[in-house]
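Student: Okay, here's the structure, questions in a sec.
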């Protein structure tokens with residue numbers, strides 16, 4: 001009977017998750033809006049090997065009582081206790097809520113196992129609870145201020161009489177919904193105030209089966225690497241208590257010297273430089289150490305996927321690690337992270353990179369990509385008419401009834417709204433000042449730079 005129940009639950013899980021897209025950690029894809037492509041793109045999360053390291057670090061930095069306290073409250077990793085450890089791995093918990101929650105619950109559920117004689121040695125050995133999908137009914141009670149403009153057409157013997165007739169509105173004849181078809185009818189929503197919100201009971205509709213995304217990952221961190229992580233963790237705790245950045249830096253510098261890791265390095269670029277005046281470097285020993293570190297944290301597939309994102313994204317992913325080697329946010333290393341990732345991909349991701357010592361790192365090219373699109377502008381124009389009369393009332397009425405007959409002079413224009421129409425079309429691609437592809441280029445185009453054929 002027990003096995004039968006397990007089988008039924010397994011079938012239900014697989015059925016409910018058939019259409020669910022998940023990433024390498026069994027989570028719904030992490031996306032962000034890309035303004036260049038005007039679409040949402042996937043943002044890679046950390047590797048499973050790194051996930052295991054982070055969980056192990058969180059277990060070492062928190063007591064079981066504290067983990068229970070956080071679980072009872074909300075379960076979110078929002079305390080300094082967790083932030084200090086996550087900083088060591090370059091993880092910003094604010095940028096990815098699902099990752100932060102998965103890390104916490106993995107820590108909470110595996111705390112006893114990591115503190116036993118047989119701790120988990122791979123991602124596949126972790127006890128991981130499924131993430132569930134909920135539908136939550138929500139009702140917002142909103143008060144709005146709405147200005148409604150419309151035009152009433154009515155007969156009267158004077159402007160004063162018709163004005164008073166509409167203002168008094170004895171028979172409720174002059175109300176906005178009776179004149180929706182009138183000239184110049186429009187509604188403008190003003191200030192809005194939410195008075196109350198009712199949140200209903202969440203209904204579980206599906207959950208993602210974590211087990212189907214697991215596979216064995218061999219991980220053998222070196223004692224050298226463990227000593228570095230443990231040392232940095234102790235320094236962070238010391239700095240937090242002492243509130244001294246100078247002592248913090250000195251301790252890190254001492255730790256790096258002990259492990260023969262350079263904190264800063266004066267690197268000479270090749271004399272010829274880049275087409276755009278950027279420094280060009282040869283692959284050296286420090287580059288090789290960084291590459292080996294990357295290959296421990298990421299699979300070759302994950303590095304290849306990372307290479308498909310912008311240099312800004314790659315720099316953000318790797319900057320914290322590169323600080324350990326003195327190659328981070330300086331002008332000389334502005335594009336270095338993407339160059340290194342490109343180098344790994346270009347060489348086919350072999351185990352040994354010492355064979356490439358002295359080779360030039362990939363150049364940073366300048367890509368000019370043109371796109372045409374259409375917009376419709378709403379323009380406010382100010383026009384003036386000159387009317388000669390004996391009094392303002394008759395002059396105003398003449399202007400109101402026959403404004404355009406007086407040949408008004410438009411003296412001011414202002415774009416007050418712009419409606420994006422789309423009709424986007426890639427028109428040209430230029431690399432380092434040379435046009436490689438043009439919409440009208442025909443056989444002269446280099447199809448390697450055809451924007452419509454790029455797989456993103």
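The values are calculated or read from the model by the stated rules, or taken from the named source; none is laboratory data. Keep in mind that what you see is a predicted model, and the values were worked out from it rather than measured. Every residue, glycine as well, gets a Cβ built from its backbone with ideal geometry; the counts of neighbours run over all protein chains shown.
Student: Going by the conditions given, is residue 125 modelled with pLDDT of 85 or more and either out of contact with any helix residue (DSSP H, G or I) (no Cβ under 7 Å at 6 or more places or on another chain) or loosely packed, with under 12 Cβ neighbours inside 10 Å (or both)?
Tutor: For residue 125, the condition - modelled with pLDDT of 85 or more and either out of contact with any helix residue (DSSP H, G or I) (no Cβ under 7 Å at 6 or more places or on another chain) or loosely packed, with under 12 Cβ neighbours inside 10 Å (or both) - is met.
Student: For the range 155-174, enumerate the residues that are surrounded by 11 or more Cβ atoms within 10 Å (Cβ to Cβ) and either within 23 Å of residue 400 (Cα to Cα) or in contact with a helix residue (DSSP H, G or I) (Cβ under 7 Å, 6 or more places away or on another chain) (or both).
Tutor: Across the range 155-174, the qualifying residues are 156, 159, 161, 162, 163, 164, 165, 166, 174.
Student: From the list 320, 352, which residue is in the same structural domain as residue 289 (by TED's automatic domain parsing) and free of Cβ contacts under 8 Å to residues at least 60 places away in the same chain?
Tutor: Going through 320, 352 in turn, the sole match is 352.
Student: Yes or no: the range 438-452 includes at least one residue that is surrounded by fewer than 10 Cβ atoms within 10 Å (Cβ to Cβ) and either within 22 Å of residue 38 (Cβ to Cβ) or in contact with a strand residue (DSSP E or B) (Cβ under 6 Å, 6 or more places away or on another chain) (or both).
Tutor: Within the range 438-452 (the criterion being surrounded by fewer than 10 Cβ atoms within 10 Å (Cβ to Cβ) and either within 22 Å of residue 38 (Cβ to Cβ) or in contact with a strand residue (DSSP E or B) (Cβ under 6 Å, 6 or more places away or on another chain) (or both)), the answer is yes, since at least one residue qualifies.
Student: Inspect the range 390-405 for any residue being assigned to a loop (DSSP other than H, G, I, E, B), closer than 30 Å to residue 366 by Cα, free of Cβ contacts under 8 Å to residues at least 12 places away in the same chain and outside the structural domain of residue 183 (by TED's automatic domain parsing) and give the result as yes or no. First the steps, then the outcome.
Tutor: Residues of the range 390-405 assigned to a loop (DSSP other than H, G, I, E, B): 390-391.
Those still in the list that are closer than 30 Å to residue 366 by Cα too: none.
No, the range 390-405 contains no residue that is assigned to a loop (DSSP other than H, G, I, E, B), closer than 30 Å to residue 366 by Cα, free of Cβ contacts under 8 Å to residues at least 12 places away in the same chain and outside the structural domain of residue 183 (by TED's automatic domain parsing).
Student: Restricting the range 131-154 to residues that are under 28 Å from the mean Cα position of the chain (by Cα) and surrounded by 14 or more Cβ atoms within 10 Å (Cβ to Cβ), which is nearest to residue 193 (Cα to Cα)?
Tutor: Filtering first and then ranking leaves 133.
Student: Can you tell me how many residues in the range 299-315 are surrounded by fewer than 16 Cβ atoms within 10 Å (Cβ to Cβ) and either assigned by TED's automatic domain parsing to the domain that holds residue 46 or part of a helix (DSSP H, G or I) (or both)?
Tutor: Here the count works out to 5.
Student: Does the range 130-151 contain any residue that is closer than 30 Å to residue 204 by Cβ, in contact with a helix residue (DSSP H, G or I) (Cβ under 6 Å, 6 or more places away or on another chain) and in a helix (DSSP H, G or I)?
Tutor: No, the conditions are met nowhere in the range 130-151.
Student: Right, here's the next one. Collect the residues in the range 352-367 that are on the phi < 0 side of the Ramachandran plot and modelled with pLDDT of 85 or more, keeping them in residue-number order.
Tutor: 352, 353, 354, 355, 356, 357, 359, 360, 361, 362
Student: For the structure I just gave you, tell me whether residue 174 is out of contact with any strand residue (DSSP E or B) (no Cβ under 6 Å at 6 or more places or on another chain) and over 30 Å from residue 24 (Cβ atoms). Write out each step before concluding.
Tutor: Numbers: out of contact with any strand residue (DSSP E or B) (no Cβ under 6 Å at 6 or more places or on another chain): yes; over 30 Å from residue 24 (Cβ atoms): yes.
It is true that residue 174 is out of contact with any strand residue (DSSP E or B) (no Cβ under 6 Å at 6 or more places or on another chain) and over 30 Å from residue 24 (Cβ atoms).
Student: Can you list residue pairs whose Cβ atoms sit under 7 Å apart, with the first residue in the range 324-343 being surrounded by fewer than 19 Cβ atoms within 10 Å (Cβ to Cβ) and the second being assigned to a helix (DSSP H, G or I) and at pLDDT below 85? Count only pairs 6 or more apart in sequence or on different chains.
Tutor: These pairs meet every condition: 328/319; 328/322; 329/319.
Student: For residue 369, state whether it is touching a residue at least 40 places away in the same chain (Cβ under 8 Å), within 23 Å of the chain's Cα centre (by Cα), within 30 Å of residue 439 (Cα to Cα) and outside any helix (DSSP H, G or I).
Tutor: Criteria met by residue 369.
Student: Of all residues in the range 175-203, how many are farther than 29 Å from residue 136 by Cα and surrounded by 10 or more Cβ atoms within 10 Å (Cβ to Cβ)?
Tutor: So the count comes out to 8.
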